[in-house]
Amino acid sequence: MPELILQSLPYQRDSSDLIRYIATLPGAACLDSGLGDQAEGRYDILTALPNCQLRLRTDSNQSFLEQRHHNQNSWQKMPAQTCIFAAADALLQQDNPARSVVAKLTHLPFCGGVIACFGYESASTGPIPVRTDELGSILQQTATTLCGLYQWAIVVDHQTGKTALFVLPECPDEIRQRVMQHLPCFGSDKTGAAIVGEDFNLLEPFQAQLSASQYRVAFDKLKEWIYAGDCYQANLAIPFVANYSGEPVNAYLRLRQGSRSPFSAFIDTGDAQILSVSPERFICVEDRGVVTQPIKGTRKRSHDPAIDKQLSDELQASEKDRAENLMIVDLLRNDLGSVCETGSVQTQDLFKLHSFTQVHHLISTITGKLPLHVSPLSLLKRCFPGGSITGAPKIRAMQIIAELEPLPRAVYCGSIAYSDYRGRMDSSISIRTLLCSQDHIFCWGGGGIVADSELASEYCEAHDKVSALLKLVSTQPDSEI
């Protein structure tokens, strides 16, 4: 068996050239700290050429899994009722590297394993609603749940200023050879500089798929359910759609430059591209320690420092936003408590202010301890989708969302995650996330609705959350926003 390849590459603070180059390879997966200065934004994990891939498809109103190995062109249908999270776990058990190999990679956050995008509908247990219009058909045909097994990666550590490439001994020879052929480009200061491709351009302005009057109808109906006791809170989102031309990776590079979000990602599924600049961690597992950090409470930022401070103070003092945040903290404590060791679930921070490039958020932090017999991906399945973007109680909130929103959520409010051979997992909630498919680009923005929510402010918040993103993909920014 070949030996482990582990070598240093030149460090660059901006990984955009590497991302642009990796994006030319099949199965590209770039988990990116987005040039941010948040504590969570230490590493970039960049890879492609997976050994094996799984994807969730929908046909005749039913979902099913397909599998494809690196040396196959066609997808093979898997046994019925196979859960995508369990299948990803099983994939992670294949070709485990020796402990001595893993020990040499302990300084890296990822030592090979599964990288996945779990679309919002990944955990659906019933029939998937069929949308017969053009936009609904595009989303139905696009596989937005996909995971791959990756046995090589480039890891950029922005804290130490080091970049490492590793290739595991178990990596198939064909993939190993392709990686090593590309090594001179990975190690060049000009990596990807000449690989620009066709610039990304919108062919029309983004169109909201819920007008103000349609949003009012949905909002009022949701309020009726809240007053009737069906739920305490539910997230109501507005989809936005436009036609585009050019390379989606170029749109992603604009987004990351302007947003600088710590859980950014570019993933190429083959028939679609996922562009995420999420600020929200979902679940992290390291040495069996569990952390989740739900976001609830948002204010748009201002270029005027005095107004910006006023907005952040207003957010911190808002009883409504704090109450929404607390509801989701309770929901996530319950989700973690059903899996984590008894008595280990604790709330470390409540309503802590985090200021990003475009918005202020309130973020709480909850911790726990994962039992030895439970895998990180099993925990992710139990908590999926995140309570911060569904509501409470979760199942009823999801039923309401399905009835009120005009399009499937697809990648929006799902999760982008990695889980490695060492038992480390980190994941995001895929908010501030766009999907490119069949020359259409989709984006969603929403917010949690509770009993005392006001129509105008909630409608404005949904637009505020995506307005800067839509501006960034519409024009080439001269500077960050």
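Just so you know, all these numbers are worked out from the coordinates, no wet-lab data involved. As the structure is a prediction and not an experimental result, all values here were calculated from the model. Heads up, the Cβs are rebuilt from the backbone with ideal geometry, glycines too, and the neighbour counts pull from every protein chain shown.
Values for this structure:
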{"read-out": "Rel. contact order, % - alpha carbon contacts under 8 angstrom, at least six apart, the chain", "value": "22 percent"}
{"read-out": "Where labels lie 7 Å past Cα in the beta-carbon direction, separation of N201 and K221 in nm", "value": "3.9 nm"}
{"read-out": "Rounded, prolate or oblate (a/c below 1.5 giving rounded, otherwise prolate when a/b exceeds b/c) for the range 243-283 by Cα gyration tensor", "value": "oblate"}
{"read-out": "Three semi-axes of the equivalent ellipsoid, the range 148-190, Cα gyration tensor, whole Å, largest first", "value": "21, 14, 7"}
{"read-out": "Exposure proxy order (Cβ contacts within 10 Å, fewest to most) of C185, C30, C117", "value": "C185, C30, C117"}
{"read-out": "Stretch gain in nm, segment D452-D133, where the contour uses 0.36 nm per residue and the Cα spacing is subtracted", "value": "111.4 nm"}
{"read-out": "Kirkwood hydrodynamic radius over Cα pairs of the range 380-481, then Stokes diffusion coefficient at 10 °C and 1.306 mPa s, in µm²/s", "value": "101 µm²/s"}
{"read-out": "For the chain, radius of gyration divided by Kirkwood radius, i.e. Rg to Rh on alpha-carbons", "value": "0.94"}
{"read-out": "In degrees, nearest ten, helix 394-404 long axis to first principal axis of the chain (Cα)", "value": "80 degrees"}
{"read-out": "Kirkwood Rh (inverse of mean 1/r, distinct Cα pairs), the range 64-117, angstrom", "value": "13.3 Å"}
{"read-out": "Tail fraction, Cα-Cα pairs, the range 12-73, threshold 20 Å, whole percent", "value": "48 percent"}
{"read-out": "Local electrostatic count at P279 - Lys and Arg +1, Asp and Glu -1, tallied over other residues with Cβ under 11 Å", "value": "+2"}
{"read-out": "Dipole axis of the range 257-336 (+1 Lys, Arg; -1 Asp, Glu on Cβ), positive-most option in L311, L326, T292", "value": "L311"}
{"read-out": "Ascending count of other beta-carbon atoms within 10 Å, so fewest first, for D349, D133", "value": "D133, D349"}
{"read-out": "Simple spin-label estimate for Q12 and S100 in nanometres, 7 Å along Cα-Cβ", "value": "3.6 nm"}
{"read-out": "Local net charge near L236, Cβ-Cβ under 9 Å (Lys/Arg +1, Asp/Glu -1)", "value": "-2"}
{"read-out": "With at most 12 neighbouring Cβ atoms within 10 Å, loop trypsin sites (Lys or Arg not before Pro) (DSSP) excluded, longest segment of the chain", "value": "191-481"}
{"read-out": "Paired Rg and Dmax values of the range 254-336, which use every Cα atom, in angstrom", "value": "16.5, 46"}
{"read-out": "Qualifying GluC sites (Glu not before Pro) in the range 388-481, DSSP loop, other Cβ atoms within 10 Å at most 15", "value": "E454, E480"}
{"read-out": "Ranking of H373, H69 by count of other Cβ atoms within 10 Å, fewest first", "value": "H373, H69"}
{"read-out": "Most positive-pole-ward Cα, A88, I389, W75, against dipole of the chain from beta carbon charges", "value": "A88"}
{"read-out": "The chain, helix-only ellipticity at 222 nm - DSSP H runs n ≥ 4, -39,500 (n - 2.57), divided by all residues, nearest 500", "value": "-9000 deg cm²/dmol"}
{"read-out": "Reference-scaled alpha-carbon Rg (2.2 N^0.38 Å with N residues) for the range 1-112", "value": "1.31"}
{"read-out": "Point-charge dipole on Cβ atoms (K/R +1, D/E -1) for the chain, about Cα centre, debye to 20", "value": "780 debye"}
{"read-out": "Debye log10 I(q)/I(0) for the range 336-407, one point scatterer per Cα, at q = 0.14, 0.18, 0.21, 0.23 Å⁻¹", "value": "-0.64, -0.94, -1.05, -1.09"}
